[in-house]
Every structure is written in structure tokens, then in C-alpha cells.
Amino acid sequence: MALDKRRVQTAVIGHADSELPVVLPMEAIELDGFRARHAGETYWCGVWLGGCGHQLTTKLYTDRACHFAHVPDPEHTSTCARKASGVSSADHLYIKHGLLKWMEEQDITATAVIPRDADGTIGGEVLFTPAGRTGLRVLLSETPGFPVPAGEDDARLVLGPEMPSDPDVLLQQGYVNRIQLVPDGTRRRIQVGTERHGGTTEWFELHEVELTDSGLTTPAVEEIHRLRTTRRPIGVRAPKGAVPQARPTVPLRDEAHDIPSGGPRGG
């Protein structure tokens, strides 16, 4: 393998076709613990990462970021053509593994597929097919190979954090669901967010999310549905308060000249 000067932060464990991803810590003090936890395991530039399938090794540095590097192999002189190597380059594998496990915990049988484009692009989307429920399409990157089909069920579409949302969908549906991964030790943790009409996104942990017949449902989605179904019927006005009755005017009495109504009597 020719010298590769890229800083590869993600790999798969066990073999080239593995779908078990791992992220290498960038700090030397954390790498020692990482090596201890994964003693005896091997790391690979996995094909499901868009990699070359060759073995990787960990590189420890104190003056720059630690990273994976290809193990020198005199029999292979070609340079790895992997397009993404940063900490987010294995997010599609974390999403596939994490959502399948999450569905299994809810007794939902499901399968998942990571499509590969004609030019070899991989990781742009993950397709989930839960038994007896609507499918999910997680779209992580906008490339010619992974367009958003016109008329697709918007409720089943889940967008990556950088994917643009359709203003018409936000207006008509009231929201779009998103997905992101946040650092969790040497792994990545899934969060699901709901972007409301207006641009704000509220993020939730997976245990707060449900898979229903209409797709992923978060507390924010439930609130939007509740607000949209609680409407005042057209043409019905709120009752007005009773018109206050005018109080009768009471003439003021002149206490200094309090004269009986009959007038003064003669002597």
C-alpha cells in the first residue's frame, strides 16, 4: 500500500466486510485506554466505509491528532481511494446498527440496506424496512446518486443534520425529522430531531422516540399534531359577555337645604 498521509479516524473491527465501526481517539492519553479495551482486535479500511479493504493500525502522536494508518503491504502499491475518513465517515454504519437494535428492543423485526451508487459512493443513505410498518429512508448527503424522489412520503424521510429541508413540506406537514450522531466515548450516539416550521430543531434521545405507522414520532411531533387537530370550528364565535345595565341616576341631595317634598307649610 502506498504511503497514505490522510488522518483516518474511523475503521471497522474484525475484517474488511465488517459493519462494526469504531472511532479512534485523537488524544494520546485516550489512545492508551482505547488499545487496552480493544486488545487483540484488528482494524480495517472497510468496504462499507468506501475503503480499500486493507488492514489498519493505530498511530499514537503527542504533537498532532492520533489516527489510523494503512499497514504497509509490499504486494499492494495502489493508493486507497476512500473518499471520507473523518469522525463522521462511519455514521451510516452507526445509524444502521443503532436503529436496528432500537427496533429489536421494541420487538420490531426489520432489515436495513446501505445502497451503493454506480460510481462507488456509499454512506449517503440507509433504507429500513420494518415488518408491518412504513419504511424509513435516512438521507445523510445530497448527491446525484441519492436524490429525494418527488412525491415521496415525507413522514418516512429522515434527514441528516446538514441536509436542506423542503419549505413546502415544513409548511404542509409542520415538521421534518432529522438524525445526528454525537460523540459517546469511542463510539457515536444517535439523536433524532424535529425541525419545526420556522427553522428551530429540538433533539431527542432514542428512548424518547417511537416508530409508528406514520414514521418516527418525537414529543415535538406529537405536540405539532395536537396543535393542528385542536382548532375552533369556522364560523363559531366566542360568546360575548352580557352588556352591563345602566344604573339609574340618583339625584344628589342638598343636605344644607333638606326641604320636604311637600314644601314649607304656613303657620
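Take the alpha carbon atoms of region 10-70, find their radius of gyration, then divide it by 2.2 N^0.38 Å using N residues; give the quotient.
Compared with the compact-globule rule of thumb, region 10-70 sits at 1.07.
Which aspartates and glutamates does LYS83 reach when only Cα atoms under 19 Å apart count, and residues fewer than 8 places away in its own chain are ignored?
Once the sequence-local aspartates and glutamates are set aside, what remains near LYS83 is ASP4, ASP17, GLU19, ASP91, ASP117, ASP119, GLU125, GLU142, GLU162.
Per residue, how much space in cubic angstrom lies within the convex hull of the C-alpha atoms of region 1-140?
Here the figure is 124 Å³ per residue.
Kindly provide the GluC sites (Glu not before Pro) of region 74-143 that DSSP labels as loop, not H, G, I, E or B, and whose Cβ sees at most 16 other Cβ atoms within 10 Å.
GLU75, GLU142
Need the full-extension length gain, LYS83 to VAL113, defined as separation in residues times 0.36 nm minus the C-alpha distance. One decimal, nm.
Answer, rounded to one decimal: 8.8 nm.
Amide H neighbours of HIS54 under 5 Å, counting only residues 5+ apart in sequence or on other chains, H built in-plane at 1.01 Å?
CYS45
Excluding ALA112 itself, what net charge comes from residues whose Cβ is under 13 Å from its Cβ, given Lys and Arg +1 and Asp and Glu -1?
Taking every Cβ under 13 Å from that of ALA112, the sum is 0.
Taking the Cα centre as origin and putting +1 on Lys and Arg beta-carbons and -1 on Asp and Glu beta-carbons, what dipole magnitude results for region 10-70, to the nearest 20 debye?
Around 100 debye, computed over region 10-70.
How far is it, in nm, from the label point at ARG187 to the one at HIS207 when both lie 7 Å from their Cα along the line to the Cβ?
Result for the modelled spin labels: 1.4 nm.
Here, each number is a calculation from the coordinates, and none is a lab measurement. Computed from a prediction, not measured in an experiment: that's the story for all the values here. Every residue, glycine as well, gets a Cβ built from its backbone with ideal geometry; the counts of neighbours run over all protein chains shown.
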